[in-house]
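Working notes, beginning with the structure itself.
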Amino acid sequence: MEQEQCNHGGKFKMIVVLVLVLGAISLGILAILRDKIMQTNDYQFTVTAEGKVTVPPDIATVDFNVQSVVSKNIGDIVKDGNTKMNAIIAALTALKIDKADIQTTQYQLNPIYNYTVCPMNSISSVPCQQQNVLQGYQLTEGVTVKIRDLNVVGDAISQAIAAGANQTGGVNFTIDDQNKLKAEARADAIAKAVQNAKDIAAESGLKLGKLINVSDSSNFVPIYANSMDMKAYAGGGIAAAPAPAIQSGSLDITDNVTLTYKVK
């Protein structure tokens, strides 16, 4: 009988211990849930800052095109276009521009039509029919050139035009490897954001908790020079024309960082 009471007593103690353990676990879960529920945006503080690195560019890219006259003799315009483009490439490589930095980006032969349109108030008894009359063909060849020595950008433009380029895009200045500079801009942005957060907290009496989120977005804007005016090289004397003065300027690489803190 005593042994039976002892067994019942032991089971009762085990039940009590189990209830206490479950209760402690439940309280812990409720505390966690309460903490998550209470951590709304009202208990957070965000600050944003911009970091910037200003450097000179080290790469220029220029587009050179050869556009033929309109002709029905495809062989002639293809031969003329290819001859001029080969001369352009030879002139560029003579300036020690690597062929690996010269990329063909366009080779297009298009038919050119004359479109006849019926008069809007025609009173002729003969029905008017719109016609597409083939005028000829036009060939456009283009290359994009990456120039690593910025001192020869003007010479490259002058020599390419002298060799037969009659269309060119604007000069685009950029930076070949931006990863290190982006990292520097990001570090600058983070340092400014941290300092801003400390200053605002000190001035407002806000008590910052731990940093809980970081977001950033880098930005890089290349510099574009104006497109070249072909009229300045028209009418003979092209080879004697002076090289244009190209100014590379400087580039800004920026990074915007947002830091989110808990508020104590």
Above-threshold pairs, the threshold being 22 Å between Cα atoms, out of LYS96/LYS146; LYS52/LYS96; LYS84/LYS146; LYS52/LYS180; LYS180/LYS262; LYS198/LYS262:
LYS52/LYS96; LYS180/LYS262
Stretch SER217-LEU95 to full length: gain in nm at 0.36 nm per residue minus the Cα-Cα span?
40.1 nm
Describe numerically, in nm with one decimal, the distance between label points set 7 Å from Cα along Cα→Cβ at VAL133 and at ILE25.
9.3
Can you report the principal axis dimensions of segment 59-174 using only the alpha carbons, biggest first, rounded to whole angstrom?
69, 30, 20
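Every number here is computed from the coordinates shown, using simple stated rules; none is lab data. These numbers come from a predicted model, not from an experiment. A quick note on method: Cβ atoms are made from the backbone with ideal geometry, for glycine too, and the neighbour counts reach across all protein chains shown.
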